[in-house]
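Trainee: First the structure, then my questions, so here it is.
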Amino acid sequence: MFDRFLQRVINQVNLPSQLIQITTINFTAVRFDFYFKAPLSVRLKFHDELEALRTTTGALSLLYAAKTFNEEPKLKAVHITDSRRLLNALNVAIRADLVRKSTSLIEETNQNRVTWLSDIISEVTAGWHRGKKPYSIGPEDVQKLRDAFVFIDWYEQKEADKVDIDTRTLSAQLYGPTKRLEEIMGTIASIYKGRLYEEVAECKPSEILSYLGVSRFPPQIRVKGPVVFYQKNGGVLDISASWPSASCPPDVVEKVSLSGEPNYVLFIENRTTFERYTREINDKGLVLYTNGFPSRTWLRIFKCLDELLPSHVPFYHWGDVDEGGFKILAFLDKLLSRELTPHCMVPSTIKTYEAQKVLKLKNLLTILAQSDSDQINGLRQTIEDLLKSGDYCYWVEQEHLPIISCQPLNESD
């Protein structure tokens, strides 16, 4: 009972916006039913514990109700006369002090830094004063926020579409400990979500950092087709001469050109499918691996190809038949200047050995809702037709599907 009462006192006086220094807690049958319903022995023990706390702290006084002859004593009220002294005696941190100190620390961190972080700071401190945890960060975790600002300050000074670095090297450069960046990844991702495309913002923290160009093992961009990469050191990589594909770090690519016109461009989500496609299909397609959700560094190259190629060259995307694959499809469709055609991405309600996980068809429709592409509208119509016979389909990974060219056989070399 004693601990339960103390928790109520703490909740009443220890507010994040201010410390209520003096207050009175009235004992009523409604508010303290557990007290009035308790056996006499329990209540008397509670009185003794309160009296001991009063004696040791001098921070409260007790008021008992008037009683008749032989009636047991009952509390009428507890007066808190010095809540700071009381909380200190109970080893309870004073929330208002912590909010004030943490607010000062993050405001100090942001001096001469990224301008839009001022809005984040205002949002965070206002939330702390209301007892909230904006971006899942409370005032007790202020160091996470400060370290997140260090990353943001570094990142915003870079060219966003040319960042390509591994997590631990960057962590060592920014903080010293090589794992610190991994520890605050969730905070960084949470802050950036409002500044990213919706499809990216819904990704996991590690995927959001990867999109920003920071990942555990930055992958090389892999391509098959008539593409030439001009690199920072003056090197020239003519991929058209490579079989089945070639790769290079995307951040070293300064310029992109074409050594010929492909019959189509195909983006493939998964590495295994990309490797199989480039070995098994030998036509005039330009094939690019997206590494799941492509980073800004990769997107810069994708957009260059979109600008270089004439409008009659069709673009395709082949991803998993799952929510992730559809989000990448919708994102690339939004990014490119031409329509993007889904390749081998029609959902199925037929269960096979490989297709075990269930997907809600309505979720797939929601992901594609903002696209106005005729090709994606066709896929959307197919999903709506499937909905007439059921509300779900099966998740199918690319690796379980046969390799099929985007180009009709009679057009192949």
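The values are calculated or read from the model by the stated rules, or taken from the named source; none is laboratory data. None of the values given here were measured: they were computed from a predicted structure. Every residue, glycine as well, gets a Cβ built from its backbone with ideal geometry; the counts of neighbours run over all protein chains shown. Remember, those area values only see protein heavy atoms, side chains included, never the ligands or the DNA or RNA. Shrake-Rupley method; radii C 1.70, N 1.55, O 1.52, S 1.80 Å.
Trainee: Answer yes if at least one residue in the range 162-170 is farther than 20 Å from Asp251 by Cα, open to solvent by less than 10 Å² (accessible area, probe 1.4 Å) and outside any loop (DSSP other than H, G, I, E, B), and no otherwise.
Mentor: No, the range 162-170 contains no residue that is farther than 20 Å from Asp251 by Cα, open to solvent by less than 10 Å² (accessible area, probe 1.4 Å) and outside any loop (DSSP other than H, G, I, E, B).
Trainee: Another question, then. Does at least one position in the range 140-159 carry a residue that is touching a Ser or Thr at 6+ places or on another chain (Cβ under 6 Å), open to solvent by 70 Å² or more (accessible area, probe 1.4 Å) and closer than 30 Å to Leu15 by Cα?
Mentor: Yes, that holds for at least one residue.
Trainee: For residues that are surrounded by fewer than 16 Cβ atoms within 10 Å (Cβ to Cβ) and farther than 18 Å from Leu117 by Cα, tally how many sit in the range 175-200.
Mentor: Residues that pass the stated criteria total 7.
Trainee: Follow-up. Output the residues belonging to the range 84-107 that are open to solvent by less than 20 Å² (accessible area, probe 1.4 Å) and assigned to a loop (DSSP other than H, G, I, E, B).
Mentor: Ile94, the sole residue that qualifies.
Trainee: Within the range 241-260, can you find the residues that are of a type outside the set (Phe, Trp, Tyr) and open to solvent by 60 Å² or more (accessible area, probe 1.4 Å)?
Mentor: Scanning the range 241-260 gives Ala241, Glu254, Lys255, Ser259.
Trainee: Moving to a separate point now. Among (1) under 27 Å from the mean Cα position of the chain (by Cα); (2) under 20 Å from Leu386 (Cβ atoms); (3) open to solvent by 30 Å² or more (accessible area, probe 1.4 Å); (4) not β-branched (Val, Ile, Thr), which single condition is Lys334 missing?
Mentor: All conditions pass for Lys334, except number (2).
Trainee: Any idea which of (1) under 29 Å from His129 (Cα atoms); (2) touching a Lys or Arg at 6+ places or on another chain (Cβ under 6 Å) is the one Leu6 doesn't satisfy?
Mentor: Answer for Leu6: the failing condition is (2).
Trainee: Next question. Name the residues in the range 294-303 that are without any contact (Cβ under 8 Å) to a residue 40 or more places away in the chain and buried (at least 18 other Cβ atoms within 10 Å of the Cβ), would you?
Mentor: Within the range 294-303, Phe302 is the sole residue that qualifies.
Trainee: Please give the number of the condition Glu339 fails out of (1) surrounded by 15 or more Cβ atoms within 10 Å (Cβ to Cβ); (2) in contact with a Leu (Cβ under 9 Å, 6 or more places away or on another chain); (3) in the same structural domain as Glu269 (by the TED database).
Mentor: Answer for Glu339: the failing condition is (2).
Trainee: Let me confirm something: among Trp154, Trp128, which residue is in contact (Cβ under 8 Å) with a residue 60 or more places away in the chain and outside any loop (DSSP other than H, G, I, E, B)?
Mentor: Trp128
Trainee: Quick test for you: out of Asn291, Asn282, Asn270, Asn263, pick the one residue that is open to solvent by 10 Å² or more (accessible area, probe 1.4 Å), touching a Cys at 6+ places or on another chain (Cβ under 9 Å) and not small (Gly, Ala, Ser).
Mentor: After ruling out the rest, the residue left standing is Asn263.
Trainee: Further question: Can you tell me which residue within the range 9-18, out of those that are in contact (Cβ under 8 Å) with a residue 24 or more places away in the chain and either over 18 Å from Lys132 (Cβ atoms) or more than 34 Å from the chain's Cα centre (by Cα) (or both), is surrounded by the most Cβ atoms within 10 Å (Cβ to Cβ)?
Mentor: It comes out as Val13.
Trainee: Right, something else. Which residue pairs have Cβ atoms under 9 Å apart, sit 6 or more places apart or on different chains, and have a first residue in the range 37-57 that is in the same structural domain as Pro73 (by the TED database) and closer than 16 Å to Phe27 by Cα and a second that is open to solvent by 50 Å² or more (accessible area, probe 1.4 Å) and in a helix (DSSP H, G or I)?
Mentor: As it stands, the answer is Arg43/Phe36, since those pairs meet every condition given.
Trainee: So which residues in the range 34-77 are of a type in the set (Asp, Glu), in a helix (DSSP H, G or I) and surrounded by fewer than 14 Cβ atoms within 10 Å (Cβ to Cβ), if there are any at all?
Mentor: Matches in the range 34-77: Asp48, Glu51.
Trainee: Here's a follow-up. Is at least one residue of the range 136-148 among the small types (Gly, Ala, Ser), free of Cβ contacts under 8 Å to residues at least 24 places away in the same chain and in a helix (DSSP H, G or I)?
Mentor: no
Trainee: Tell me which residues, restricted to the range 358-380, are open to solvent by 90 Å² or more (accessible area, probe 1.4 Å) and out of contact with any strand residue (DSSP E or B) (no Cβ under 7 Å at 6 or more places or on another chain).
Mentor: Within the range 358-380, Lys362, Thr366, Gln370, Asp372, Asp374 meet the criteria.
Trainee: What are the pairs, 6+ residues apart or on separate chains, where a residue within the range 219-231 that is among the acidic types (Asp, Glu) has its Cβ under 7 Å from a residue that is at pLDDT below 95?
Mentor: none
Trainee: How many residues are at pLDDT 95 or above and either hydrophobic (A, V, I, L, M, F, W, C) or farther than 18 Å from Tyr197 by Cβ (or both) if we restrict to the range 313-325?
Mentor: Residues that pass the stated criteria total 5.
Trainee: In addition: Is it true that Arg279 is over 24 Å from the mean Cα position of the chain (by Cα) and more than 28 Å from Asn377 (Cα to Cα)?
Mentor: Criteria met by Arg279.
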